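Q: Okay, handing you the structure first.
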Amino acid sequence: MKTVALVYSQHTAQTAELGGRIAAAWGSEVVYLDPDTTRLEDWMKYERFILGTPTYFDGELPDSWDEFLPELEDADLSGKKVAVYGLGDQQHYPVSFADGVGLLASYMEELGATIVGETSTEGYSYEHSVAERDGRFLGLVLDPTNQPELTDQRLAAWLEQLKVAFAG
């Protein structure tokens, strides 16, 4: 299997903790890229990506992603596969639940990437999410505040799904 670039900011504790768990589960074929320091030439070396993000405030990406994404604005990501994981709080932010996942996935699609790793919306309770399309999330959505007991199961199932998606 090709090396997977795992991209998340160390400044977001829960996202970074999950990134560490993903890296440990994935094994030696993963390399960490920090959106705070990565440049386009670093990014273009890889064909498979796992992107991590929380959702800030009322549906915003954290500064690390806001500052990095302009690096990619003219990039052609055709042929690259991207999976996104993110965190949200469905109780306190039900109208922007895990929007960061949808924002990243949509941006990558606009640049030609193929999004993999969609997950079911079943078991969540929220009003609206940019991360949802056609009744599915555009990646792995976790709510460690309100559903911490489901994190391990959801993460394990998603990683198995990605290993198949990234193999092809």
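Q: What span do the alpha-carbon atoms of region 4-167 cover on each of the three principal axes, reported in whole Å from largest to smallest?
A: Sorted largest first, the three principal extents are 40, 30, 30 Å.
Q: Now for a separate question. State the antiparallel share, in %, of DSSP beta bridges confined to region 4-167, rounding to the nearest 5.
A: Percentage antiparallel, nearest 5: 20.
Q: Once you list every other residue whose beta carbon is under 12 Å from the beta carbon of T53, what net charge do they have if Lys and Arg are +1 and Asp and Glu are -1?
A: Neighbour charge sum, excluding T53 itself: -4.
Q: Ranking request for peptides 18-24, 102-108: highest mean number of other beta-carbon atoms within 10 Å first, then the rest in descending order.
A: Top to bottom by mean Cβ count within 10 Å: 102-108, 18-24.
Q: Among the GluC sites (Glu not before Pro) in region 80-168, which ones are in a DSSP loop with at most 13 other Cβ atoms within 10 Å of the Cβ? Mind listing them?
A: E122, E127
Values in this text are rule-based calculations from the coordinates and carry no lab data. Just so you know, these numbers come straight off a predicted model, no measurement behind them. Cβ atoms come from the backbone with ideal geometry, glycine included; neighbour counts cover every protein chain shown.
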